[in-house]
Amino acid sequence: MRLNAAVFIAGAALMGLEIAGSRVLAPVFGTSVFVWGALITTFLASLALGYELGGRLADRRPEPEILARCLFVAALLVWIVFWNPAPILGVLADAPVPERFRSLLAAAVLFGPPSVLMGFVGPFAVRLATRDIARVGSAAGRLSAISTAGSILGTFAMTFFLIPAFPIRPILFGLGLSLLASAALIPVRSRLGPAIAFALGIAGSLVFLISPDRAMIPPPVGNILFEKETAYHHIRVVDSGLRRLLYFNNLTQGFVPLRDGVDQPPIYADGLMLPFAFRAAPVRSVVVIGLGAGLVERSLSAHYPEVETTTIEIDPEVVRVAEQYFRFKLDPNDRILIGDGRHELRKHVTSVDVIVEDAFFADSVPFHLMTREFFVLCRDRLSPDGIYVANLVGSLTGKDNGLFWAMYLALRDVFPNVYIFNDELASGSAAFRGNAIVVATRSRDRLDRASIVDGAGKVARKMSRPEILEWAGRLHEGEIRTEGWPMLTDAYSPTDALQHLSR
């Protein structure tokens, strides 16, 4: 029974470490498919090597003490490596290999050694449990089932309970502690092994409790008011100078002045007000996909309180942060939906005048919010003169802004008219790094620059935001560089490749 329990706990720790690994790599490498591929490849390769080496060692020295020592070392590796992985990640982020392989290198260096040792458990346990060669099959089957059950529990607990509730550092410490517990359960002849495991657990706990908290993500400059790991982000609220900023992982998502009466500095959210300049009829309803710091909603509440606003936000913790730290609150005619933007738009919205998409964050994008099928859904939910608007950051769209132009292709295939607002493109640059605002309209009549600027001027005066007029002046009327980029569809949407392979 003790051996079964050790196998179960080791299986849970292994998969828990793999899921937690995404949060270790995310601050430096993002959360793209390449990062997940790197983790899965590393763990599978490590297990394969561990099975091979563990099986050979078990045949030569079928001693439970050997397996216990391997688990001891695995636990110590987890504690030592993940006590402060930031310096290692920083070095590997600049490794002289193609960018898409750097996350694979980091995963191999950080997670490979303990995973190889955990791979010893399966074949070693089978060898220890087998007394009769005629029953080796049943022993292997039973222990494999127990290990898999542990892996299921580790995956489930890590995904749905631990990561949403705790910072990643104590989670990783707990995984090391679990491996020590697994080692202590191995039925060895001497009592020294369990005693050593107990002593290491006490010592490790003391070191963890008294050592300074080392951030998995380099802290931004300023006073950190709030920090939490959620199912979707590492959220930080930071007061820096005269501004309060919201961070997802290590990228700013929005900011507000710290003192009332201080004007909001220029920000991309001003460009998201451009749909009001396009419509002759008043805007009656708006859907915002992605809350962030609530900048769009606050502007609408202050200057267009009559507009019905529906905000769709996938992370409930973001809503609480916006309410507590960024003065976000709902008007009587507003609502907020917690869930995926595409799903909630399809389920709960029948007709709307403006759809604002501001859901592109960190170093990855929700691919299903950039496909032709999603834009068809947006078009069908918009009123006959409805408008779609989105914000993108050029530095996150790959070399030559491939992701941006692929998204533009899909939009242009669905909407009669698509407009791009970006100062770098408007000035003749071949590519851009800052924010770009894309506006798509159902109207077949294309507005000229003068009409857009005139409408933006009226909106700017109403909202006391001259920056809106500045955004209108950034209309790009030059070359549209869509040649060679793919049409993004639900069946084929290589957003990660467009972001990373050519960057």
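The values are calculated or read from the model by the stated rules, or taken from the named source; none is laboratory data. Owing to the predicted nature of the structure, the values given are computational and were not obtained by experimental measurement. Ideal geometry is used to build each Cβ from the backbone, glycine not excepted, and the neighbour counts take in all protein chains shown.
For the subset of region 100-141 comprising residues that are among the charged types (D, E, K, R) and touching a residue at least 12 places away in the same chain (Cβ under 8 Å), which member is nearest to L185 (Cα to Cα)? Please lay out each step first, then the result.
Our first condition is that a residue be among the charged types (D, E, K, R); within region 100-141, this holds for 100, 102, 127, 131-132, 135.
Add one more test, that the residue is touching a residue at least 12 places away in the same chain (Cβ under 8 Å), and what stays is 100, 102, 127.
Details: R100: 41, R102: 37, R127: 16 Å.
In this case the residue turns out to be R127.
Of all residues in region 472-499, which are over 10 Å from G402 (Cα atoms), under 25 Å from the mean Cα position of the chain (by Cα) and buried (at least 19 other Cβ atoms within 10 Å of the Cβ)?
L488, S493, D496
Could you list all residues from region 421-437 that are surrounded by fewer than 22 Cβ atoms within 10 Å (Cβ to Cβ) and over 22 Å from the mean Cα position of the chain (by Cα)?
D423, E424, A426, S427, G428, S429, A430, A431
Collect the residues in region 265-281 that are surrounded by fewer than 17 Cβ atoms within 10 Å (Cβ to Cβ) and not hydrophobic (A, V, I, L, M, F, W, C), keeping them in residue-number order.
Residues satisfying the conditions are P265, P266.
Applying the selection to region 1-19, what residues are more than 10 Å from S147 (Cα to Cα) and surrounded by fewer than 24 Cβ atoms within 10 Å (Cβ to Cβ)?
M1, R2, L3, M15, E18, I19, listed by residue number.
Got a sec? Which of A26, A10, A20 is farther than 29 Å from P98 by Cβ, small (G, A, S), in a helix (DSSP H, G or I) and touching a residue at least 24 places away in the same chain (Cβ under 8 Å)? Break it down into steps so the answer makes sense when it comes.
Working: A26 fails: farther than 29 Å from P98 by Cβ; A20 fails: farther than 29 Å from P98 by Cβ.
Of the residues listed, the single one that is farther than 29 Å from P98 by Cβ, small (G, A, S), in a helix (DSSP H, G or I) and touching a residue at least 24 places away in the same chain (Cβ under 8 Å) is A10.
Based on what the data block shows, is V318 of a type in the set (A, V, I, L, M), farther than 28 Å from I163 by Cβ, part of a helix (DSSP H, G or I) and assigned by TED's automatic domain parsing to the domain that holds G339?
Details: of a type in the set (A, V, I, L, M): yes; farther than 28 Å from I163 by Cβ: no; part of a helix (DSSP H, G or I): yes; assigned by TED's automatic domain parsing to the domain that holds G339: yes.
So V318 does not fit the description; no.
Regarding E483, is this residue among the charged types (D, E, K, R), in a loop (DSSP other than H, G, I, E, B) and touching a helix residue (DSSP H, G or I) at 6+ places or on another chain (Cβ under 8 Å)?
Values: among the charged types (D, E, K, R): yes; in a loop (DSSP other than H, G, I, E, B): yes; touching a helix residue (DSSP H, G or I) at 6+ places or on another chain (Cβ under 8 Å): no.
It is false that E483 is among the charged types (D, E, K, R), in a loop (DSSP other than H, G, I, E, B) and touching a helix residue (DSSP H, G or I) at 6+ places or on another chain (Cβ under 8 Å).
For region 334-398, give me every one of the strands (runs of 3 or more DSSP E) that falls completely inside it and has 3 or more residues that are of a type outside the set (F, W, Y), surrounded by fewer than 22 Cβ atoms within 10 Å (Cβ to Cβ) and in the same structural domain as E297 (by TED's automatic domain parsing). Spell out the reasoning first.
On the way: elements: 335-338, 352-357, 382-393.
Per the criteria, 335-338, 382-393.
In region 231-277, what count of residues is obtained for those that are over 17 Å from N391 (Cα atoms), of a type outside the set (K, R) and not in a strand (DSSP E or B)?
Going through region 231-277 one residue at a time, the tally reaches 14.
Could you check how many residues of region 148-202 are over 30 Å from A26 (Cβ atoms) and modelled with pLDDT under 85?
Going through region 148-202 one residue at a time, the tally reaches 13.
Would it be correct to say that A95 is surrounded by fewer than 16 Cβ atoms within 10 Å (Cβ to Cβ) and either in contact with a helix residue (DSSP H, G or I) (Cβ under 8 Å, 6 or more places away or on another chain) or in a helix (DSSP H, G or I) (or both)?
It is true that A95 is surrounded by fewer than 16 Cβ atoms within 10 Å (Cβ to Cβ) and either in contact with a helix residue (DSSP H, G or I) (Cβ under 8 Å, 6 or more places away or on another chain) or in a helix (DSSP H, G or I) (or both).
May I ask you to verify whether G37 is closer than 28 Å to V91 by Cα and either buried (at least 20 other Cβ atoms within 10 Å of the Cβ) or in the same structural domain as A231 (by TED's automatic domain parsing) (or both)? Give the derivation first.
Working: closer than 28 Å to V91 by Cα: yes; either buried (at least 20 other Cβ atoms within 10 Å of the Cβ) or in the same structural domain as A231 (by TED's automatic domain parsing) (or both): no.
Criteria not met by G37.
Report yes if some residue within region 30-38 is of a type outside the set (A, V, I, L, M), over 25 Å from R100 (Cα atoms) and assigned to a helix (DSSP H, G or I); otherwise report no. Reasoning before the result, please.
Just the residues of region 30-38 that are of a type outside the set (A, V, I, L, M), to begin with: 30-32, 34, 36-37.
Right, trim to over 25 Å from R100 (Cα atoms) and you get none.
No, region 30-38 contains no residue that is of a type outside the set (A, V, I, L, M), over 25 Å from R100 (Cα atoms) and assigned to a helix (DSSP H, G or I).
Which of the residues that make up region 240-263 are under 24 Å from H303 (Cα atoms) and either of a type in the set (S, T, Y) or out of contact with any helix residue (DSSP H, G or I) (no Cβ under 8 Å at 6 or more places or on another chain) (or both)?
Pass one, region 240-263, residues under 24 Å from H303 (Cα atoms): 242-246, 253-263.
Those that are under 24 Å from H303 (Cα atoms) and either of a type in the set (S, T, Y) or out of contact with any helix residue (DSSP H, G or I) (no Cβ under 8 Å at 6 or more places or on another chain) (or both): L242, R243, L245, Q253, F255, P257, L258, R259, D260, G261, V262, D263.
Counting only residues that are touching a His at 6+ places or on another chain (Cβ under 6 Å) and either among the acidic types (D, E) or part of a strand (DSSP E or B) (or both), how many does region 399-425 have?
Selection size over region 399-425: 1.
In region 50-60, is there at least one residue being aromatic (F, W, Y) and assigned to a helix (DSSP H, G or I)?
If we filter region 50-60 for residues that are aromatic (F, W, Y), which is where we start, we get 51.
Subsequent filtering for residues that are assigned to a helix (DSSP H, G or I) retains 51.
Yes.
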